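Down below is the structure, laid out as structure tokens.
The values are calculated or read from the model by the stated rules, or taken from the named source; none is laboratory data. Predicted model only: the values in this text are computed from it and were never measured. Positions of Cβ are backbone-derived with ideal geometry, glycine not excepted, and every protein chain shown enters the neighbour counts. In case anyone asks, the SASA skips ligands and DNA or RNA and just uses the protein heavy atoms, side chains included. Shrake-Rupley method; radii C 1.70, N 1.55, O 1.52, S 1.80 Å.
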Amino acid sequence: MPTTASAAPAHGLADVTASDSTLRRFLHGLPGVDTVGLEARAASLGTRSIKTTAKAYALDLAISMVDLTTLEGADTPGKVRALGAKAVRPDPTDRTAPSTAAVCVYPDMVPAAKEAVAGSGVKVASVATAFPAGRASLAVKLADVREAVAAGADEVDMVIDRGAFLAGHYMKVYDEITAVREACGTSARLKVIFETGELSTYDNIRRASWLGMLAGADFIKTSTGKVAVNATPANTLLMLEAVRDFRAQTGVQVGVKPAGGIRTAKDAIKFLVLVNETAGGDWLDNHWFRFGASSLLNDLLMQRQKLATGRYSGPDYVTVD
């Protein structure tokens, strides 16, 4: 039975992280990514069609995987409480609609989010480590994490130091992730954001994926949603391959969270096909796969209503976040 990264940080690859040189040797020894093959497979899987009964299941599954997100400078406790209420009951007219997995907010909004989802199974995720750029000292980043955890965050979404990673300072990135992992304690799961749109190459995304998992990530996450290129089928497929191979080698299961740019039910279902065909059914659960999104939920709800009634209810059917 696979274990989680936080439950079992000892993954049998400790020698790989013994020094900067061994870590570099391991990461640069990973197989190179066939760009054409990766993009062709992602495109091919995206053309798969599913039956109506499977679509109903997929829509509910996708809703249950959403990290309903607001990360704006204009966020207020009232806005966050409204978002939390929507996460708990996405469709007030239909109690059969599942809750979302979590709400994702800034650290200072965690108390309002906790209040809004109290008594439900909805988690509260908080971004941290000087999100989204990650340009701060380690002390500031860890204070950010501790504030979120102390306020009751169930999950922490951290950003890596992309400058250090791109400069080849892998051990610095590794040490920072492990320090954040420690600051999360046993009460918060850790999602590690790579900002794949800034990593330049698929080889770098593969290296970042393994680096994050070696350092104890519970989830690896594509993006902040704050740059031009966020989650794509190809970069998510690559990360799904990484978690699959990491579990095969270590017995430790790690989740995946594509974030940014996934706006329609059609897009979400394509990603679920990627999960099933690449990592397998064990990842088709919100404990192991999430969508970082804000507008996606509304389209999932409208498509769900159409499937049930045969007609679109229109945008007035859902709340505007």
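Scanning region 218-261 for residues that are in a loop (DSSP other than H, G, I, E, B), closer than 24 Å to T47 by Cα and open to solvent by 10 Å² or more (accessible area, probe 1.4 Å) yields V229, N230, A231, T232, G260, G261. Would you pick out the residues in region 272-297 that are over 21 Å from L68 (Cα atoms) and of a type in the set (D, E)? Across region 272-297, the qualifying residues are E277, D282.
For region 215-259, a residue qualifies if it is within 11 Å of the chain's Cα centre (by Cα), among the β-branched types (V, I, T) and over 20 Å from H287 (Cβ atoms), and exactly one does: T224. Per the listing N286, N204, N276, the residue uniquely of a type in the set (S, T, N, Q), open to solvent by 20 Å² or more (accessible area, probe 1.4 Å) and not in a helix (DSSP H, G or I) is N286.
Could you list, in sequence order, the residues of region 9-30 that are under 24 Å from the mean Cα position of the chain (by Cα) and open to solvent by 40 Å² or more (accessible area, probe 1.4 Å)? Scanning region 9-30 gives P9, A10.
Among the residues of region 208-217, the ones that are crowded, with 24+ Cβ neighbours inside 10 Å and either under 23 Å from V36 (Cα atoms) or not aliphatic (A, V, I, L, M) (or both) come to 4 in all.
Taking the criterion of being surrounded by fewer than 16 Cβ atoms within 10 Å (Cβ to Cβ) and of a type outside the set (D, E), the residues of region 70-81 that qualify are G73, A74, T76, P77, G78. The residues of region 36-60 that are modelled with pLDDT of 95 or more and open to solvent by less than 20 Å² (accessible area, probe 1.4 Å), listed by number, are L38, A42, A58, L59. Among the residues of region 17-37, those identified as of a type outside the set (K, R), assigned to a helix (DSSP H, G or I) and closer than 16 Å to R206 by Cα are L23, F26, L27, H28, T35, V36, G37. Within the option set T129, T100, T76, being among the β-branched types (V, I, T), more than 30 Å from K306 (Cα to Cα), modelled with pLDDT of 95 or more and in contact with a strand residue (DSSP E or B) (Cβ under 6 Å, 6 or more places away or on another chain) holds for one residue only, T129.
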